[in-house]
Amino acid sequence: MKRPFAELWGTGSYAPSRVMTNDEFSKFLETSDQWIQERTGIRERRISSKEETNACMGKAAALQVLQETGLTPLDIDAIVYATASPDRLLPSQACDLQAILGAKNAAAFDVGAACSGFIYALSTAEGITSRTCLAPVTSSSRRTSIPASRARRTGSAGVPERCPKISSHSSSSPASTIRSKASSDTNR
């Protein structure tokens, strides 16, 4: 069989509304906007609020993908979630997203590849023999830890019961749907 085995079938994105400029860094670090821009090209970054967990940002992007493709969470066979800044280590962000989306038929796991995470998740998703795979990517400048005692009390292991209403902005947290070429060719 010739490559590609899969195709990108839909995309979605989400970015927090809070913008942090390089000038804000100069208030507590010995740096300047010019220094940062010359070395990285970065002018600003998006900062998530306490309510904007990685799973919630992934959900916002994933819902766009589902709407664009006409799929439901039950149609997803696998979630390959790329993040270098999970809300916590266990369970994985993919499991959190699986739970809040209601994608109960999907296998779910994280890949951690930092800057190349999106490409790595897409490549991993292509290698899965399932027909429909969701590949969200999130990055957060904030860490959240949920004490084990609280997780046991809620019975949810820290999975957010619901995410705040969040609207999409730019492509800081993209999600994509990949379908195998065989299944997409037969469904056209």
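Given the conditions (1) touching a Cys at 6+ places or on another chain (Cβ under 8 Å); (2) closer than 24 Å to THR124 by Cβ; (3) not hydroxyl-bearing (Ser, Thr, Tyr), report the number of the one that GLN64 does not fulfil.
All conditions are met except number (1).
Each row is one residue, and each column tells you yes or no for (1) among the basic types (Lys, Arg); (2) touching a residue at least 24 places away in the same chain (Cβ under 8 Å); (3) in a loop (DSSP other than H, G, I, E, B).
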{"residue": "GLY10", "(1), (2), (3)": "no, yes, no"}
{"residue": "ALA15", "(1), (2), (3)": "no, yes, yes"}
{"residue": "ARG39", "(1), (2), (3)": "yes, no, no"}
{"residue": "ILE42", "(1), (2), (3)": "no, no, yes"}
{"residue": "ILE79", "(1), (2), (3)": "no, yes, no"}
{"residue": "ASP87", "(1), (2), (3)": "no, yes, yes"}
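For ILE47, state whether it is out of contact with any Cys (no Cβ under 8 Å at 6 or more places or on another chain) and surrounded by 13 or more Cβ atoms within 10 Å (Cβ to Cβ).
Taking the combined requirement at face value, the residue satisfies it.
Restricting the search to the stretch 97-122, which residues are more than 15 Å from LEU66 (Cα to Cα) and in contact with a Gly (Cβ under 8 Å, 6 or more places away or on another chain)?
Across the stretch 97-122, the qualifying residue is only VAL111.
Read-outs: derived from the displayed coordinates by stated rules, not from any lab. Small disclaimer: the values here were computed from a predicted structure and weren't measured. In this analysis, Cβ positions are derived from the backbone assuming ideal geometry, glycine residues included, and neighbour counts consider all displayed protein chains.
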